[in-house]
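The block underneath contains the structure these notes are about, expressed in structure tokens.
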Amino acid sequence: MDENQLKPLMLASLHGEAAAHRELLSRLSGDLRAYYRGRLARIGRSATEAEDLVQEALMAIHMRRDTYDPAELLTPWVRAIARYKLIDHLRHTRGSMLVVPIDDIDPAAEDNAAAGIESSLDLGKLMSGLPDRMRTAVQAVKLDGLSVAEAAARLNISESSVKVSVHRGLKALAAMIGRENAS
């Protein structure tokens with residue numbers, strides 16, 4: 001992704017230039033396709049899934065473009081959306097990973113998949129140690145990828161409450177990890 005080419009297109013898109021918006025999405029689709037194909041191929045997943053993810057990511061970029069801060073870099077914002085879409089996809093399709101024949105499993109991919117499952121179990125264990133309000137705020141903003149405003153609407157609390165709950169939740173998680181590593 002070339003920040004110097006993509007950001008002007010995004011800024012023009014935010015000012016209502018449809019041609020710039022189409023060009024932005026077109027350029028992003030190639031980068032996203034390569035990203036998803038590479039990630040999914042390593043764990044034995046199909047190119048069809050990559051195409052589905054490209055469309056989901058482009059739709060999210062289109063629908064959430066108003067959350068982009070023009071003072072910030074564009075590519076980290078796009079990469080975060082792409083990453084969240086991949087994580088959501090893998091979380092929702094985890095069961096289909098179990099039908100891969102044993103001969104087709106790449107040892108490196110197996111290690112990555114095992115680490116991913118272990119880390120999701122660890123995260124679940126850590127998250128369960130948080131009070132409900134913190135846990136739901138961290139889940140909504142940091143794991144589900146919602147904006148603070150979207151999380152506030154979903155949780156029916158103020159935006160400042162979401163920010164405070166996320167901050168305190170992350171601080172509590174860090175403390176739990178520190179205690180776990182010390183023991």
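The values are calculated or read from the model by the stated rules, or taken from the named source; none is laboratory data. It should be emphasised that the depicted structure is a prediction, and the values quoted were computed from it without experimental measurement. Reconstructed Cβ throughout: ideal geometry from the backbone, glycine too, with neighbour counts over all protein chains shown.
Of a type in the set (D, E), in contact with a Lys or Arg (Cβ under 9 Å, 6 or more places away or on another chain) and modelled with pLDDT under 90: is that true of D2 in this structure?
Details: of a type in the set (D, E): yes; in contact with a Lys or Arg (Cβ under 9 Å, 6 or more places away or on another chain): yes; modelled with pLDDT under 90: yes.
Criteria met by D2.
Residues checked against (1) over 29 Å from R91 (Cβ atoms); (2) buried (at least 16 other Cβ atoms within 10 Å of the Cβ); (3) among the aliphatic types (A, V, I, L, M):
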site: M10; (1), (2), (3): no, yes, yes
site: L14; (1), (2), (3): yes, no, yes
site: R22; (1), (2), (3): yes, no, no
site: R33; (1), (2), (3): no, yes, no
Given (1) loosely packed, with under 14 Cβ neighbours inside 10 Å; (2) within 27 Å of V141 (Cβ to Cβ); (3) among the basic types (K, R), index of the condition R39 fails | (1)
Scanning the stretch 145-173 residue by residue, the ones that are in contact (Cβ under 8 Å) with a residue 24 or more places away in the chain and at positive phi total 1
Is there a residue in the stretch 61-70 that is under 20 Å from S147 (Cβ atoms) and more than 18 Å from the chain's Cα centre (by Cα)?
-> yes
